[in-house]
1. Cβ contacts < 6 Å: first residue assigned to a strand (DSSP E or B) and at pLDDT 95 or above, restricted to region 481-501; second residue of a type in the set (Asp, Glu) and surrounded by fewer than 24 Cβ atoms within 10 Å (Cβ to Cβ), any location; separation 6+ or different chain. Result?
2. Condition first: in contact with an Asp or Glu (Cβ under 9 Å, 6 or more places away or on another chain) and among the charged types (D, E, K, R). Now tell me which residues in region 335-366 satisfy that.
3. Based on what the data block shows, is residue 583 farther than 30 Å from residue 256 by Cα and either among the acidic types (Asp, Glu) or under 23 Å from the mean Cα position of the chain (by Cα) (or both)?
4. Residue 516 is checked against (1) of a type in the set (A, V, I, L, M); (2) touching a helix residue (DSSP H, G or I) at 6+ places or on another chain (Cβ under 9 Å); (3) crowded, with 17+ Cβ neighbours inside 10 Å and fails just one. What number does that condition carry?
5. Can you name the number of the only condition in (1) assigned by TED's automatic domain parsing to the domain that holds residue 367; (2) within 29 Å of the chain's Cα centre (by Cα) that residue 493 fails?
6. Got a number for residues in region 439-463 being at pLDDT below 90 and either touching a Leu at 6+ places or on another chain (Cβ under 9 Å) or not β-branched (Val, Ile, Thr) (or both)?
7. Output the residues belonging to region 100-131 that are of a type outside the set (Phe, Trp, Tyr), within 17 Å of residue 190 (Cβ to Cβ) and in a loop (DSSP other than H, G, I, E, B).
8. Out of the residues in region 73-119 that are farther than 25 Å from residue 611 by Cα and at pLDDT 90 or above, which is surrounded by the most Cβ atoms within 10 Å (Cβ to Cβ)?
Amino acid sequence: MNFVNPYFLFALFSIAIPILIHLFNFRKYKRIYFSDIRFLQEVKQETRRKSKLKHLLVLFSRILAMASLVFAFAQPYLPISKVSMNANKNAVSIYIDNSFSMQAIHKNGMLLEVAKNKAKEIVAAYQPTDEFQIITNDFEAKHQRFVSKKEMEALINEIKISSISRTIAEIYSRQSDFLNDNSKTTKNAYIISDFQKNACNINDIKNDSTIYTFLIPIVANKTNNIYIDSCWFINPIQQLNHQASLKVRIINASDEKLENLPVKLFINNQQKSLASVTIDANSKTEIVLSYMINTTGIQQGKIEISDSPIVYDDIFYFSYEIVDKIAIQCINGNNQNIYLNTLFGKDSLFFFQNANDKNIDYSGFSANNLIILNELESISTGLSSALQRYIYEGGSIVIIPSPKADLISYKSFLISINSNYYTEIDTTNAKVSEINQNHPVFAGVFEKIPENVNFPIVNSFFKINKTTNSNQEYLLRLENGNSFFTSQIVRKGKLYLSAVPFTDDFSNFAKNTVFIPTLYNIALLSTPISSLFYMIGDDKPISTDKYATGSEEVFHIKSINSDFDIIPEHKTNQSQIDFYTHLQIKEAGNYYLTSGKTNIKGLSYNYNRKESVLSFFDADEINKLMEGKGLKTFSVIKNPNKTLTELISEYNQGKRLWKWFLMAALLFLGIEVFILRFMR
């Protein structure tokens, strides 16, 4: 048992007063003379014993009454936790989880509103002189100070659902920092949350033994949710007047089977596709939404489903671009290649130019999406340096060797970009026997390759060495195991090596049906492929090609559905511009990166799906986690029969006993009166 005012216990010395009165009772007795007292002898002895007992009972009643009164003023309590509330010396930090999972429904309403009410009950348990701080997932500047009790209630009322998710360890660390900067004697932290499993990393908490922390779990009535997890194109290459196939992953995070859920696809605010999906309980499915691409430029899309009460993950945004032209420069050793001219020169999608290796404008390389080296006898050091810069900055290169190739110059260039290289000519007859259908170049080209397909026949070919430090992949492979056409990522660019010149002396590849999809898709893949979407909370840079702005024009990121407008930080390098939003984008939706009145790029932002899986720790599981971590200053508050104000008062002040001692004092005084009046 402890005391709020222990100095009152010195008043117990006052117990000596009734004792002294009892010991030094100098009351004079009146003498009465009787003629004969023989008959009173027995009565006299009995009366003396009763009087002595009566005086002792009165003494004990007075002592107990006075002691009970002293204890009442000392305010005794039985501590039920290690926390003790000190008058005018409490600093209190309260975290309210306002993540998307707090949209779920409790028996008393939405979880966020329940959490706010509990926070108010916590504040009510303290004195007006105590100091308070509120924390949410937003880490707002106005919450980075301690406020009064009245101001705290106003801040609680302003809290709204946020797209930001934080872990329990992050929250506790921030609370510790603020509380340790406060000079108050007692420091209490409260965490009100649904304790979602993917954010409840109690094992990562760095405990501060000077802070007493209370975890307050609140539980939703139902934990069902259906959400769109992601989307991607089956074919990475999207073309005008071609059908696009978008794959969408939908997850049913509930215990109930879902049937015939409508799924809608919108492109530039026009509905392009509609489907329905059936998903078993606690499972996922992938559906394909197909539509025709009939416009060029930036395409802003969104996928929609309908679900409640968690609705933030029912829409998924994405954006991409359909280019007007793909610029290709073909650098020829001697003569132009008739097959390349036919393939690219007559297609309106391509801007195809031929150049001679004796007259090359290196400064114009960056304007091309693809450069083809067609049968150069050698690669000069100047050309090698220019090509190295070009591919490092994101360009694509196709190398078609010359029958008279200077393999030393080829090797010098290819080694400089950490690529495999040509070693020698092999005159062995061979045939292409394998196509890498998993490579993006052949994605969606073949549904199934027939067994009797007519693959290219090879009379001679250049061997391409195989090194372990290269990320080279084969596109086409010969039956003897040698590579016929290869692909390799070189920093931001792509390199393709052909093992043969496009002449009949070496192979009939240029006349084979495989030739067109191989070269055509390589050209299509040379266009920059941007992210279909970004996740809010992920501050990775947005990259785009260099863009020349006017002297007074600046870059902006603007929402297409609201007046949101920011000026992002940007850094320019040789080939591109990187933009940084610094987490300023808080709402999911489609945006434009603009300069002046020109839309440069489409951007799509989606909420992180971490909050979509409604799986939570209950109070008992949280206790086990805390015990395993050894968090002795942590407690879980759970008692549906009392308000938090009552529970926290008990936790902070213990079981208060002063009322019981006051009643005991009155009881003992009543006993004294009873003894004096009725006991003869």
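1. Going by the 6 Å Cβ cut-off, the qualifying pairs are 487/473.
2. Residue satisfying the conditions is 357 alone.
3. So residue 583 fits the description; yes.
4. (3)
5. In the conditions (1) assigned by TED's automatic domain parsing to the domain that holds residue 367; (2) within 29 Å of the chain's Cα centre (by Cα), residue 493 misses (2) alone.
6. Qualifying residue count, region 439-463: 9.
7. 125, 127, 130 - these are the residues of region 100-131 that are of a type outside the set (Phe, Trp, Tyr), within 17 Å of residue 190 (Cβ to Cβ) and in a loop (DSSP other than H, G, I, E, B).
8. Applying the filter and picking the extreme gives 92.
The values are calculated or read from the model by the stated rules, or taken from the named source; none is laboratory data. Remember, predicted model here, so these are calculated numbers, not experimental data. Cβ coordinates were reconstructed from backbone atoms using ideal geometry, including for glycine residues, and neighbour counts include every protein chain displayed.
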